[in-house]
Structures are given as C-alpha cells and as structure tokens.
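The values are calculated or read from the model by the stated rules, or taken from the named source; none is laboratory data. The shown structure was predicted, so the numbers you read here are calculated from the model rather than taken from an experiment. Ideal geometry is used to build each Cβ from the backbone, glycine not excepted, and the neighbour counts take in all protein chains shown. The accessibility values were calculated without ligands, DNA or RNA, using every heavy atom of the protein model including side chains. Shrake-Rupley method; radii C 1.70, N 1.55, O 1.52, S 1.80 Å.
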Number of protein chains: 2
Amino acid sequence: MSTDLAIARAATLQPIADIAARAGIPAEAVEPYGRFKAKLDPARIPDTGRRGALVLVTGINPTAAGEGKTTTTVGLGDALNSLGTRTMICLREPSLGPCFGVKGGATGGGRAQVAPMEEINLHFTGDFHAITSANNLLSAMLDNHLHWGNELGLDPRRITWRRAMDMNDRTLRDVVAGLGGTGNGIPREDGFDITVASEVMAILCLARDLADLQARLGRIIVGHRRDGSAVTAADLKADGAMAALLRDAMSPNLVQTLEGSPALVHGGPFANIAHGCNSVAATTLGLRLADVVVTEAGFGADLGAEKFCDIKCRVAGLSPAACVVVATVRALKLNGGVGRKDLDREDVAALRRGIPNVVRHVENMRRFGLPVVVALNHFTSDTEAEVAAVREALAPLGVETVLCTHWADGAAGAADLARAVSALIEGGTARFAPIYGDELSLEDKIRTVAREIYRASAVSFPPSVSARLRRFEEAGFGRVPVCIAKTQYSFSADPALLGAPTGHVLPVREVRLSAGAGFVVAICGDVMTMPGLPRSPAAERIHLDAEGNIEGLF
Amino acid sequence: MSTDLAIARAATLQPIADIAARAGIPAEAVEPYGRFKAKLDPARIPDTGRRGALVLVTGINPTAAGEGKTTTTVGLGDALNSLGTRTMICLREPSLGPCFGVKGGATGGGRAQVAPMEEINLHFTGDFHAITSANNLLSAMLDNHLHWGNELGLDPRRITWRRAMDMNDRTLRDVVAGLGGTGNGIPREDGFDITVASEVMAILCLARDLADLQARLGRIIVGHRRDGSAVTAADLKADGAMAALLRDAMSPNLVQTLEGSPALVHGGPFANIAHGCNSVAATTLGLRLADVVVTEAGFGADLGAEKFCDIKCRVAGLSPAACVVVATVRALKLNGGVGRKDLDREDVAALRRGIPNVVRHVENMRRFGLPVVVALNHFTSDTEAEVAAVREALAPLGVETVLCTHWADGAAGAADLARAVSALIEGGTARFAPIYGDELSLEDKIRTVAREIYRASAVSFPPSVSARLRRFEEAGFGRVPVCIAKTQYSFSADPALLGAPTGHVLPVREVRLSAGAGFVVAICGDVMTMPGLPRSPAAERIHLDAEGNIEGLF
C-alpha cells in the first residue's frame, strides 16, 4: 500500500454535513452524495456580501520529478484554516482515464490530501460522466441529422465535433463510423477525445449559471457547410437536452481535506486546448463563503496561470490577491540538466542553471499585477546549500522563498507559507489585469502572450492560420481571449528547451474556435487529446479485496 | 406538461432517510445521493431471517398501445402497503439513451410512479455510467494488449467484445477503430452496443456479491485465438479494475413511490440478448426486508418472465409465490387485428380474437408452478362488455381477472389486485420450478422453451449453430441456462404473428456464450443492440427553464 493511501485510510473523515455547516453552508443547500461528498446549490446559499481574497497556486514547468502543486494548495488551505483564516480550497476534478494508465491520483499527497480519494478519483459525483453524455448526445444528434437527410446542409468532411470518452484509449483517436449499410447512418471519419478535452468541459467550467451554460452549449460549432458557414449545437436543437444532462453537474462538489478543511472540487478541463482551471461556479461560490480561497491552475505558470488570468479571471470578473509559485529543488535541478537518477545528490551548480525557470515564472506573475511568494516543496534529499541557493536567487526580486513540509507535516508544514500569503493579501499590493486587452486582434493576443510570458522573439503564423483568424474575427469572435496549446515542459514549444529560454519562435500550427467556451485555441506543436495506456497499465494491478476495498489504485 | 410529469411535480416526496427507516433499514446502511435517492449497503443490514414472498409482474406481448407493467408493479406495491402488508417494489433502472429518442420514461405513470422521475431517468446514481466505463476499460485494455505486441495471441478478426455507450446512436453500430498510424493501435472492426446490452450489465444483475461480481467479470470471453481457444477478461488482467469501477454500482438504489412506498430500482439488462430483470442483489435484499416483494420482468411473459424463472430465479435460488399477468383491452384488441386508430371503439369480436394471447401467457406461467391473477389495466375507453369478455375467457381456467385503476387512483385503484395477490400467496399453492433442468443439452433447453412457452412445432439449428453449441458444452458450459433473443411482439420469431400462434418454427440464427453472465444467447431473427434516434428526437424538445427545471423530458 502506498504511503498516500495508508495515510488517507488512517484518517477519520467528518460527516460532510458537518464540514458544510462549519463552512457556513445552510443544510438546505447541501445534497449529500454518500457520507463524505455533497453537491451544493449556490442559489440556496444566502449572499452575505462577503468576497474573499483569491490566491492562485501555480508552478514552475512540470518535470518528471513532480512539483506538488495540488499538495501545496491543500497544505496552504489547511494551514490558513489552522491559523484562524476562514479558507476554502478549490481544486479540479481528476479524470478517470489516467487512473488506469500510470499509477497516481490527483487528490494531493501525504498529509495534504482531499478525501475520499478513491471516490474522487473514480466516478466522484458523476460530473465527468454527465459531460461525456452531453458531448456524445450532440454527436448522436449530428449524425442522426445527416442520416435523416441533412436539412442543415452540413458538409460531412467539415465536421469538427468529436465524440468523447473518459478513458485512455488510443484506438479511438481515429475511427470511421457509420459503417454497415444504410440503416447505420452516413459513414464518415470521426474520433474520440478524452472527456477533459471536450469543449463541454470548458463550457461547464466557464459558465456563470445554468442559463449561461445552455446559451454557451448552443454556440458550440459542430462543423461547416460547403459555403463555409458554421452549424451550431443550437441549429441541431441539442443545447437544451445537453443542458438537462449537465444540470446537476453544474453544482459544485464539497469534500474535505484530511485535516477537515472544506474543499470544492469541481470541473477539470485540459490546460492545453482548454484553460485548465476548476469551475467559475465553484470559485465564485468559495469567495462568497470564505475569507480566502486557495485554488490552482494546471501545468506550469506559463500555461495554467496565464489562462487562469487571461481566460478564467477575465470571463468571470475575478481579481486574485496573491500568487504562490511552487517549485522543488529536484525539478529545478532537472531544469538545470541533471539526470533523473542523480536527483538525490547535491548539485548546487546544476540547481543554479535551473533556477532561472522559477525566476521567470515569478516575473511573469508579477506582470499580471500579482504579489508572489515561492513555495519550495521540501524533499528529504534537499540540502541546506540547495535551499539557500533558491532563496538567494529570489531575494533580489523581493520575493520570499518559503520551505514547505505539508506532505509530511500537514498544516504545520505550510504555516510559514500561510503567514507569507496572508501578508501578501494584507499588503494589498495586487493590481491585477490580464496581459492583453479584449480589443487586440487575435494575432496580437497570441503575440502578446508569446512575448510577455514565453519570451519568444516571434510568432510564426502560416498564411492559412492568419486567414482563419481573420475569419473568426469577421464572424464576431475577435474579442475573445486566446488559449495557447503547447508543451507544458518548456516556456517554448520545444519540450527539450528547459530553463528560461529566449529567442525562440512560437509556431502556430492550427487554430480552432471554441465558440461555446468563448476562446480561440492556438495549437503550437503536437497536442494529445486522447492518451494511451502504457505497456503494463496500472489497471492490471487494481482489484477488490475480500472486504470490497479497492486495492492498487494508488 | 404531460399528466405524468404534472402529477409527479405535485407530489411531496419524503426524505429518503425516512423511507429507509420505515422499511427497517438502519441509518448506517444508507448512503444518500441527493435528498430522495440512496444506495444501500446490504452488509450493514442485519439479517433477521425474514424471507418475504416474491411476486412477479409480467404481461402479454407488448403492443404499441402500452400495457402498463411498471405502472401495475408500482400500483400493486402501493396497494399492498396501504393494506398493511410490508411491501418492497423492485424495478429495473431505465436506460439514458431512449429518453432522447421517443418521448417516454420508465418510472411508471399517473399516480403509480417512482420518483424523482427526472433523476431516475437521467443519470440516477451513476450505475449505468459505471457499467459503460467498466465495459470500455476492458476494450481499452484489449486494444492496448494488441498494440503492445499481443502476447496472448488474440486473433484480431475473432474479437467479440464490443464497446458500449448509453446513447441511441446508430452511427456507432459498426466502426473501424485504430486508424491513423502506428501510434494509434491496431486497426480493426468494432462497434458499440447500448449499455443495457453489455454483458457487464447482465453480470452486475446476476452477481450475488462483490466477490462473485469480480469472478464473473474475469470469465468474460473477449475473443479467440487462431486455434479457437478463448481469451478472457482475466487473461487481460482487467477483471479487478472493472470490479473497482463497479463497486458502488453493486449497491441497490432506494427511492420511493408517489405514495411513499419504498422501491429498489437497480440494474436493467435488455430482455432479448440478456435476461431483462432487475438485480439479484436488490431482489434478495428486498426479500430480507419485506413480507412481499413485487418485481417485474421485461417485455411479455414469453421473454421476460421465462428468463426471470429460468435464469434469474435459477441462478439466485429464488422461488416466486405468485404471478400477475398485466393485460389491457386495447392491447388485446390490437392482438385481435384492430388498427391503432380504432382502439377507442368497442369491438368485442376483435377482443375475443386477441384474448388467446393472455390465456396462453397465463397457462405458461402455470407451467412454472405459479398461481396467476390477471390485472386488467383500465382505460376510460374500455366498455363493460369488453371487460366482461376478458373475465369470461379466463374464468374457466380458475383465474381471476381484476380491473385496476391505479394510474388514475393510485393505491386504491389496485386494492382489489392486492387482495387477489395476497390470497394467492396465502393459498400457498406455488410449486415453482424452472421449465428445464440444468442437465439438458443446450439444444434441448432451447427446444423446451420453444415447445412449452412459444408453442413452436420445431426449432431449426443450422449445422454451424449446432457445432458451436457442442463446443460450448465441451468447454464446460453445458449446464448454463439459455437466453433466447427474439422479437417481443409475438410468441414466435415473426413480429407479425399476433395472438396465440402454433405450428411455427423457431429459427436459431446464431449462438453466443456470455460466460461471465453465465448463459448462452440464442439469437432468433434480428436483434438490435444499439437503437437509433427518430427523425425528430425527443431531445430537440428538452431544455432547462429559467428556474433550472428540466422541461420536455416526458
């Protein structure tokens, strides 16, 4: 049994009704799902006018060493609560598919976890299944429309809407469907994305309320006619039934940390082709309930935090008060060129070569007007000299580096971080603004992110991409934000370019309009929207023991 | 708004904890899912030794007029409870897909409904989504196995395991997957069945407990090698992870009727290629909790009740005490050749031509050793002369015909039926036995059902089918029951042959081994395992209103 699982099983969870009551949520707003999960109805929670401070937890570019962003989000929330600050943690829901691929859940670790971990990692409250159903209902209605005569005049070769499944299943990436004769519809090329990559997921996470959800679903573009005009989900009359399928999924989910802090775990879009944050519904609810909301964004700050600021905060009118950049000595050493096998050995020189990565992420977050603290997530192999090297590099920027041991020590291990974050909030220095204005052209929005965040020297737009962006603008989508899909491993589009590269060119290969979510996706490099399973998937080792406990999931 | 929906919305539901408490279920066994649904943990419900009487509700061959089997099951349960008999209702869970096709849910109607109807008809407690996931995890692991070298030597042309989706989507019936190059697996023909047609559904409904579930999942045959030997889910090491996905889905779901009776709504396999009954887990739990359990079987008695007796009762060691055959004057008139438009006009002659259908179903249920009562589900257009004709036809058999008005009157409308059923139970005349013994050959089992239930004069087995059945026997599956898939509209395999045909030949076109479920499927005629949507699907009219209510679902 892994340590994470052993710690989780040893914890005594409190009834979710008690967690809700302590968070100031009236009983009539709580819909229990089992003993330790609940859905919350924001409409039944009185608005006291309270608006908490929003704290974003982001990280350096991810590496194989693991940075512990979710763990730090949980630890910081627990620590703030233990110090008497009424705090809500807002996390993304994990995807089911990856649980069966490479071992590992997405509920934190050590003494900084949300629970119940098996349930959150598997079906949870059914949100992702509802999203899968809504996605595939639209596909079924689309193909049904073709089957019965294609009154809308869709060009079957120009259908862009794909089916979805919450599974790592490479075999479904490219399929031909509709085979077997006239009774089985119109044969055409199609494919499946993993559910977190569905535009329906992005929509659910950006919608203010059910009415906004239904309207956004209607704007989804499923494909085009021969004349280039778009056909939407509303044209297919699919938006209402999709919204009906998603009604309960729109309600934020309440769970608890192992230390009894409340946590809203809701929504989980990809951080490449989508914006990688938990739902607007959960975050805004959290801000109504707590003095501080701690939330995280996917991947490194160049991808996740940029989209958090430029997409989520812009759309929802949120204004963060402070930012935590999570780093580890090990990940910085990897950025400095150390091999994975040598991570346990002190190597201050390599560390110093990797440190520019964290420095740049810190500078970037300041460009959004946010005060920053660096959380150095401690591993036992880190030496004092290494920790000192990180501190020294950040001190000239006036940024504090706080050593955290919440994995081992829970709230106590993040108390210093909590005090530093509280000081930033109380300092009131945040002057948040997205990095570009709505009025910029789509190309200029991409250029701005590339220049200000990625530090690219240029962006290459093939003529076909430029033309397509102009068509989006002509169709009335010029004011939406851009969502750049590139590798998470580098500031650049080249995953091998670690550290803090400059002078690189961002190659925009393809652009897509997510009209329902309300952003334009710019694809730079290969982007995987349906993972595969490894040779020996984790699923092979999962089973139920004699008492019905799930073994081998983590 | 339909009358059913208006009645359902006007009802005040009781907290599910109160329903559970009145049914004798301790609070620690109740896992709430929202306010009005719960999952029950049978292991936390003390066994008092009580074993209630099992009453099966079945029907004549279904027609477009509707017979009201679920409605009668609910009405009878309500009536028994109102007369002081501690009664549990056991129903199947409805499938999500058909909700979007042709208007209509599967939660009863009028004042005889289970609630909350929208939630039960949509995602409910997630059981079907869990089944879909487990089915598709097996597919993903199978294709992953091929991708990484096919160590087990599966013949890709002999793979019989298909993917599943809970959606009416004809376009997915036949697909080619694995396209797009070496990174996307091995191209092969595949297809999707609707979730209720998945063997995983049948397994969940027949498994005694979690250990039995995991063992049955492991026995699923996914395909064969070139030498003809079978490859199972256990060979792919998929059984454990599938069981983990299904752990919570194995717990029966508790809801209530509009009159406050407890109802276990759990599992819902097809009644053609599977056995068409709710779960063994729910039925056996109901029998421990109540003096009477009222349950239903799918389609007409020739399909649903036969499989209830020969598969479910055999496997689970159940012994029903009485049987209700539901009929309507309208459906019998259709069986007698009346057109749908003329159903409102009195036509005793046509009715008399259709009555042999109900007579034969009654005789058949007696062949299983069950005392029978006929429930005549009343429509306002039925005339006294018509009702009298039905009574007169059944009286010589010593079978009572009870007029029921539970749709309009709730429990009071089924009180006479409840008294008749109670009398049958108290009479103690049931001598239940399946229609064939385990020791018969597979061919002889099919012949016995064809002769005794369908009244066919012969069964035709093509040589390839006979050879396949022999191979099943040689592989050790000779003692399992048979599950005959044929049209539900006739005793024969010809849907146009209404009434009570004789002299027909049952053509067995194909046989399949459901080794995990534990039966051999004999396919006679066309069997649809993935429905399509109509030209104007119900989904087009479903939407959320300004208050977030789902409109247009019924």
**Message:** On the basis of being of a type in the set (Gly, Ala, Ser), open to solvent by less than 50 Å² (accessible area, probe 1.4 Å) and more than 22 Å from residue B:315 (Cα to Cα), does residue B:458 make the cut?
**Reply:** yes
**Message:** So residue B:212 passes all but one of these: (1) without any contact (Cβ under 8 Å) to a residue 12 or more places away in the chain; (2) within 10 Å of chain A (Cβ to nearest Cβ). Which condition number does it fail?
**Reply:** (2)
**Request:** Return yes or no: is residue B:461 within 14 Å of another protein chain (Cβ to nearest Cβ) and aromatic (Phe, Trp, Tyr)?
**Result:** no
**Message:** Please go through (1) of a type in the set (A, V, I, L, M); (2) open to solvent by 30 Å² or more (accessible area, probe 1.4 Å); (3) away from every other protein chain (no Cβ under 11 Å) for residue A:254 and return the number of the only condition it doesn't satisfy.
**Reply:** (2)
**Request:** State all residues of the stretch B:223-246 that are facing chain A (nearest Cβ under 8 Å) and either at pLDDT below 95 or surrounded by fewer than 21 Cβ atoms within 10 Å (Cβ to Cβ) (or both); if no residue qualifies, say none.
**Result:** B:237
**Request:** Kindly indicate whether any position in the stretch B:123-140 is modelled with pLDDT of 95 or more and either more than 14 Å from every other protein chain (Cβ to nearest Cβ) or at positive phi (or both).
**Result:** yes
**Item:** For residue A:77: the one exception among (1) more than 18 Å from residue A:268 (Cα to Cα); (2) within 14 Å of the chain's Cα centre (by Cα)
**Value:** (2)
**Request:** Kindly list the number of the only condition in (1) within 22 Å of residue B:548 (Cα to Cα); (2) within 9 Å of chain A (Cβ to nearest Cβ); (3) out of contact with any His (no Cβ under 6 Å at 6 or more places or on another chain) that fails for residue B:120.
**Result:** (2)
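A quick yes/no check of all residues on (1) open to solvent by 20 Å² or more (accessible area, probe 1.4 Å); (2) within 30 Å of residue B:204 (Cβ to Cβ); (3) in contact with a Cys (Cβ under 9 Å, 6 or more places away or on another chain):
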position: B:315; (1), (2), (3): yes, yes, no
position: B:346; (1), (2), (3): yes, no, no
position: B:349; (1), (2), (3): yes, no, no
position: B:355; (1), (2), (3): no, no, no
position: B:358; (1), (2), (3): no, no, no
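With open to solvent by 10 Å² or more (accessible area, probe 1.4 Å) and more than 21 Å from residue B:484 (Cβ to Cβ) as the only criterion, which of B:215, B:207 stands out? Show your work before the answer.
Details: B:207 fails: open to solvent by 10 Å² or more (accessible area, probe 1.4 Å).
Exactly one of B:215, B:207 is open to solvent by 10 Å² or more (accessible area, probe 1.4 Å) and more than 21 Å from residue B:484 (Cβ to Cβ), namely B:215.
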**Item:** Unique residue being in contact with a helix residue (DSSP H, G or I) (Cβ under 6 Å, 6 or more places away or on another chain) and closer than 15 Å to residue B:409 by Cα when the list is B:109, B:52
**Value:** B:109
**Request:** Please work out if residue A:199 is open to solvent by 10 Å² or more (accessible area, probe 1.4 Å) and closer than 30 Å to residue A:81 by Cβ.
**Result:** no
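Going by the structure shown, is residue A:147 closer than 24 Å to residue A:214 by Cβ and either modelled with pLDDT of 95 or more or of a type in the set (A, V, I, L, M) (or both)?
no
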**Item:** Candidate set from the stretch A:361-403 (those that are at negative phi and among the small types (Gly, Ala, Ser)); member that is farthest from the chain's Cα centre (by Cα)
**Value:** A:385
**Request:** Kindly provide the set of residues from the stretch A:18-54 that are among the hydrophobic types (A, V, I, L, M, F, W, C), surrounded by 15 or more Cβ atoms within 10 Å (Cβ to Cβ) and over 23 Å from residue A:73 (Cα atoms), ordered by number.
**Result:** A:29, A:30, A:45
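Do we find a residue being part of a loop (DSSP other than H, G, I, E, B), out of contact with any strand residue (DSSP E or B) (no Cβ under 9 Å at 6 or more places or on another chain), modelled with pLDDT of 95 or more and farther than 30 Å from residue A:142 by Cβ anywhere in the stretch A:305-314?
Step one: filter the stretch A:305-314 for residues part of a loop (DSSP other than H, G, I, E, B), giving none.
No, every residue in the stretch A:305-314 fails to be part of a loop (DSSP other than H, G, I, E, B), out of contact with any strand residue (DSSP E or B) (no Cβ under 9 Å at 6 or more places or on another chain), modelled with pLDDT of 95 or more and farther than 30 Å from residue A:142 by Cβ.
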**Fill in**
Selection over the stretch A:514-552 where residues are over 22 Å from residue A:172 (Cα atoms), touching a helix residue (DSSP H, G or I) at 6+ places or on another chain (Cβ under 6 Å) and within 9 Å of chain B (Cβ to nearest Cβ) yields a count of 6
**Message:** If the requirement is being within 13 Å of chain A (Cβ to nearest Cβ) and modelled with pLDDT of 95 or more, which of these qualifies: B:36, B:100?
**Reply:** B:36
**Message:** Contact list please: Cβ distance under 7 Å, first residue in the stretch B:540-553 and of a type outside the set (Val, Ile, Thr), second residue in a strand (DSSP E or B) and surrounded by fewer than 17 Cβ atoms within 10 Å (Cβ to Cβ), pairs at least six apart or on different chains.
**Reply:** B:543/B:551; B:545/B:551
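Only one of A:424, A:394, A:403 is under 15 Å from residue A:324 (Cβ atoms) and not in a helix (DSSP H, G or I); which?
Working: A:424 fails: not in a helix (DSSP H, G or I); A:394 fails: not in a helix (DSSP H, G or I).
Residue meeting the stated conditions: A:403.
Would you confirm whether any residue within the stretch A:96-104 is open to solvent by less than 10 Å² (accessible area, probe 1.4 Å), in contact with a helix residue (DSSP H, G or I) (Cβ under 8 Å, 6 or more places away or on another chain) and not in a helix (DSSP H, G or I)?
Initially, the stretch A:96-104 is screened for residues open to solvent by less than 10 Å² (accessible area, probe 1.4 Å), giving A:96-97, A:99-101.
From what's left, in contact with a helix residue (DSSP H, G or I) (Cβ under 8 Å, 6 or more places away or on another chain): A:96-97, A:99-101.
With the extra rule that they be not in a helix (DSSP H, G or I), the set shrinks to A:96, A:101.
Within the stretch A:96-104, one or more residues are open to solvent by less than 10 Å² (accessible area, probe 1.4 Å), in contact with a helix residue (DSSP H, G or I) (Cβ under 8 Å, 6 or more places away or on another chain) and not in a helix (DSSP H, G or I).
Determine whether residue A:85 is open to solvent by 10 Å² or more (accessible area, probe 1.4 Å) and within 17 Å of the chain's Cα centre (by Cα).
Considered against the rule, which asks whether it is open to solvent by 10 Å² or more (accessible area, probe 1.4 Å) and within 17 Å of the chain's Cα centre (by Cα), residue A:85 comes out as no.
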**Message:** Of the conditions (1) within 12 Å of chain B (Cβ to nearest Cβ); (2) crowded, with 24+ Cβ neighbours inside 10 Å; (3) under 30 Å from residue A:342 (Cα atoms), residue A:69 satisfies every one except a single condition; which number is it?
**Reply:** (1)
**Request:** Can you confirm whether the stretch A:189-207 contains a residue that is touching a residue at least 24 places away in the same chain (Cβ under 8 Å), within 30 Å of residue A:39 (Cβ to Cβ), at the interface with another protein chain (Cβ under 8 Å from one of its Cβ atoms) and in contact with a strand residue (DSSP E or B) (Cβ under 8 Å, 6 or more places away or on another chain)?
**Result:** no
**Request:** Evaluate the following for residue B:435: is it part of a helix (DSSP H, G or I), touching a residue at least 60 places away in the same chain (Cβ under 8 Å) and not assigned by TED's automatic domain parsing to the domain that holds residue B:310?
**Result:** no
**Request:** Go through the stretch B:445-478 and give me each residue that's assigned to a loop (DSSP other than H, G, I, E, B), touching a helix residue (DSSP H, G or I) at 6+ places or on another chain (Cβ under 9 Å) and of a type outside the set (Phe, Trp, Tyr).
**Result:** B:455, B:456, B:457, B:478
**Request:** Give the residue that is nearest to residue B:129 (Cα to Cα), with candidates limited to residues of the stretch A:150-177 that are touching a strand residue (DSSP E or B) at 6+ places or on another chain (Cβ under 6 Å), facing chain B (nearest Cβ under 7 Å) and surrounded by 23 or more Cβ atoms within 10 Å (Cβ to Cβ).
**Result:** A:165
**Asked** Which of the residues belonging to the stretch A:29-87 are more than 26 Å from residue A:363 (Cα to Cα), β-branched (Val, Ile, Thr) and assigned to a loop (DSSP other than H, G, I, E, B)?
**Response** A:45, A:48, A:85
